[in-house]
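Okay, structure first, notes after.
The values are calculated or read from the model by the stated rules, or taken from the named source; none is laboratory data. Everything numeric in this text was worked out from a predicted model, so none of it was measured. Glycine gets a Cβ as well: all are built from the backbone with ideal geometry, and neighbour counts include every protein chain shown.
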């Protein structure tokens, strides 16, 4: 009897470990879509998991009206406190985050922008600027599907566009990213003795 109970316990533990391993190695589908129609902007986030058994849709912008004013005031105070703090990013952490993010699969990158301005020089500048960004994205990002298009108009003033980014990170990658950000937070909170290996984001910007 005891032998059967021990076998059942070990079997149950093995099943739990197998399920946790599958979850750890499984992938999320994260879709960010941006729709622009002149002054109207809509940013949505869609998270799918386990063959769409989990399907979460969130409107990031504009924020929904259900959010109270008190919450907005509280968030504003928190942001002001964060701005007052000195922020540092260490080069080893930047490399670690880049290495993890570089392993995240990009399934689709879609961008279709149509804009116009009667100022010919301005329209040409924006057209060249967007194409330069497209060229850099094409060379840096290895996406399964990629479509980048921009159409200028020299006779009207308007902007229409749709951008879609579909990434499929592993739960493993998200946990590693979370651990990396926690490590950065602890370094900023407790300090680090290696003063030569950091970038002051307050003085040089977050993208330094």
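Residue-by-condition table, conditions (1) part of a strand (DSSP E or B); (2) more than 18 Å from the chain's Cα centre (by Cα); (3) under 28 Å from residue 103 (Cβ atoms); (4) modelled with pLDDT of 90 or more:
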{"position": "127", "(1), (2), (3), (4)": "no, yes, no, yes"}
{"position": "132", "(1), (2), (3), (4)": "no, yes, yes, yes"}
{"position": "137", "(1), (2), (3), (4)": "no, no, yes, no"}
{"position": "150", "(1), (2), (3), (4)": "yes, yes, no, yes"}
{"position": "164", "(1), (2), (3), (4)": "yes, no, yes, yes"}
{"position": "182", "(1), (2), (3), (4)": "no, no, yes, no"}
{"position": "189", "(1), (2), (3), (4)": "no, yes, yes, no"}
{"position": "196", "(1), (2), (3), (4)": "no, yes, no, no"}
{"position": "199", "(1), (2), (3), (4)": "yes, yes, yes, no"}
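Give the residue that is modelled with the lowest pLDDT, with candidates limited to residues of the stretch 8-42 that are closer than 25 Å to residue 156 by Cα and surrounded by 11 or more Cβ atoms within 10 Å (Cβ to Cβ).
To start, the set of residues in the stretch 8-42 that are closer than 25 Å to residue 156 by Cα comprises 34-42.
If we keep only those that are surrounded by 11 or more Cβ atoms within 10 Å (Cβ to Cβ) too, we end up with 34-37, 41-42.
Details: 34: 95, 35: 96, 36: 94, 37: 93, 41: 90, 42: 94.
Selected residue: 41.
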If you check residue 95 against the conditions, is it in a helix (DSSP H, G or I) and modelled with pLDDT of 85 or more? no
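In the stretch 166-180, how many residues are within 13 Å of the chain's Cα centre (by Cα) and crowded, with 17+ Cβ neighbours inside 10 Å? Before you say what the answer is, go through the steps one by one.
So the first thing to find is which residues in the stretch 166-180 are within 13 Å of the chain's Cα centre (by Cα), and the list is 166-169, 173-174, 177-178.
With crowded, with 17+ Cβ neighbours inside 10 Å added as a condition, the list becomes 166-169, 173.
Number of matching residues: 5.
Conditions (1) in contact with a helix residue (DSSP H, G or I) (Cβ under 9 Å, 6 or more places away or on another chain); (2) under 30 Å from residue 153 (Cα atoms); (3) at pLDDT 55 or above; (4) surrounded by 11 or more Cβ atoms within 10 Å (Cβ to Cβ), marked per residue:
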{"site": "82", "(1), (2), (3), (4)": "no, no, no, no"}
{"site": "85", "(1), (2), (3), (4)": "yes, no, no, no"}
{"site": "90", "(1), (2), (3), (4)": "yes, no, yes, yes"}
{"site": "110", "(1), (2), (3), (4)": "no, yes, yes, yes"}
{"site": "118", "(1), (2), (3), (4)": "no, yes, yes, yes"}
